[in-house]
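Visitor: Structure in structure tokens, see below.
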Amino acid sequence: KMMKFKEIENKQLKDELALLKEQVHPHFLFNTLNNLYGLITQDQNQKAAEITLKLSDLMRYLLESSKTDKVSLKKEIKFLEDYLSLEKIRLTNNTDIRFEVSGIVSDVFVAPLLFIPLVENAFKHGLNALKADGFAHFSLSVQGKDLFFEAKNSLGKSLENSPESGIGIANLRKRLQLIYPNNHLLDIQKSNEEYKVVLHIQL
């Protein structure tokens with residue numbers, strides 16, 4: 001009976017994780033298509049064409065990563081770099097977007113698509129709401145068995161929603177609780193001008 005209960009519990013856990021992972025895809029795609037639509041309506045066809053090409057690469061990775069529980073951290077980093085290059089095409093040259101990576105000596109494996117909700121959040125609730133120049137700085141470092149991801153961005157003057165309230169962050173919290181139940185910390189700090197998230201995972 002105990003074994004049977006454990007099997008049911010494991011299946012429920014897997015089903016819930018699969019559902020949460022699937023929710024990342026439409027959310028990400030919706031945001032990117034919104035970007036694309038904005039450029040087309042502004043007659044920025046060259047930028048729209050570049051985004052379309054990059055979007056196909058990003059979607060390919062989303063499909064690949066959805067089939068597995070763990071992915072190479074190096075591939076995940078490449079995915080984030082591609083997404084950021086897509087945002088750089090869309091935003092003005094005055095926007096300061098940076099992504100620093102350190103400590104990747106040998107490749108490690110992580111649950112897929114953990115960092116993209118934090119990256120998307122910086123643009124959705126920060127830079128998209130700004131009329132003046134803004135910034136979005138991201139960093140990922142591995143120190144032994146500890147992984148640290150930090151997202152920091154300027155905030156718009158008026159925000160319709162709190163950055164913590166989006167489906168992306170709520171979804172991420174659930175996934176972290178299921179995959180790294182006692183081995184993670186998600187810390188969110190907000191001031192009048194800056195929003196900062198630090199995710200710490202023990203691999």
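Visitor: Is there any pair with a first residue in segment 38-56 that is free of Cβ contacts under 8 Å to residues at least 12 places away in the same chain and a second that is open to solvent by less than 80 Å² (accessible area, probe 1.4 Å) and assigned to a helix (DSSP H, G or I) whose Cβ atoms are under 7 Å apart and which are 6 or more apart or on different chains, and what are they?
Guide: Filtered contacts from segment 38-56: ILE40/ALA48.
Visitor: Could you give me the residue pairs with C-beta distances under 6 Å whose first residue belongs to segment 183-203 and is more than 15 Å from ASN153 (Cα to Cα), whose second residue is β-branched (Val, Ile, Thr) and open to solvent by less than 70 Å² (accessible area, probe 1.4 Å) wherever it lies, and which are 6+ apart or on separate chains?
Guide: Cβ pairs passing all conditions: HIS184/ILE201; LEU203/VAL108.
Visitor: Oh, and also: Among the residues of segment 51-82, write down those that are exposed (fewer than 13 other Cβ atoms within 10 Å of the Cβ) and either in contact with a Gly (Cβ under 9 Å, 6 or more places away or on another chain) or aliphatic (A, V, I, L, M) (or both).
Guide: If the condition is that a residue be exposed (fewer than 13 other Cβ atoms within 10 Å of the Cβ) and either in contact with a Gly (Cβ under 9 Å, 6 or more places away or on another chain) or aliphatic (A, V, I, L, M) (or both), then LEU53, LEU63 are the ones that fit.
Visitor: Could you look through segment 99-115, keep only residues that are assigned to a loop (DSSP other than H, G, I, E, B) and open to solvent by 30 Å² or more (accessible area, probe 1.4 Å), and pick out the one that is nearest to GLY168 (Cα to Cα)?
Guide: Ranking the qualifying residues of segment 99-115, first place goes to VAL108.
Visitor: Go through segment 38-50 residue by residue and tally those that are of a type in the set (Asp, Glu) and either under 16 Å from the mean Cα position of the chain (by Cα) or open to solvent by 80 Å² or more (accessible area, probe 1.4 Å) (or both).
Guide: Counting residues in segment 38-50 that are of a type in the set (Asp, Glu) and either under 16 Å from the mean Cα position of the chain (by Cα) or open to solvent by 80 Å² or more (accessible area, probe 1.4 Å) (or both) gives 1.
Visitor: For segment 145-181, give me each residue that is modelled with pLDDT of 90 or more, over 19 Å from LEU20 (Cα atoms) and part of a loop (DSSP other than H, G, I, E, B).
Guide: Residue satisfying the conditions is LYS145 alone.
Visitor: From the residues in segment 89-98 that are surrounded by 13 or more Cβ atoms within 10 Å (Cβ to Cβ) and not in a strand (DSSP E or B), which one is modelled with the highest pLDDT?
Guide: THR95
Visitor: In segment 66-76, which residues are more than 15 Å from VAL108 (Cα to Cα) and of a type in the set (Ser, Thr, Tyr)?
Guide: The answer is SER66, and nothing else.
The values are calculated or read from the model by the stated rules, or taken from the named source; none is laboratory data. Quantities reported herein were computed from a predicted structural model and do not represent experimental measurements. Here the Cβ is made from the backbone with ideal geometry for all residues, glycine too, and neighbour counts use every protein chain on show. Accessible surface areas use protein heavy atoms only, side chains included; no ligands, DNA or RNA. Shrake-Rupley method; radii C 1.70, N 1.55, O 1.52, S 1.80 Å.
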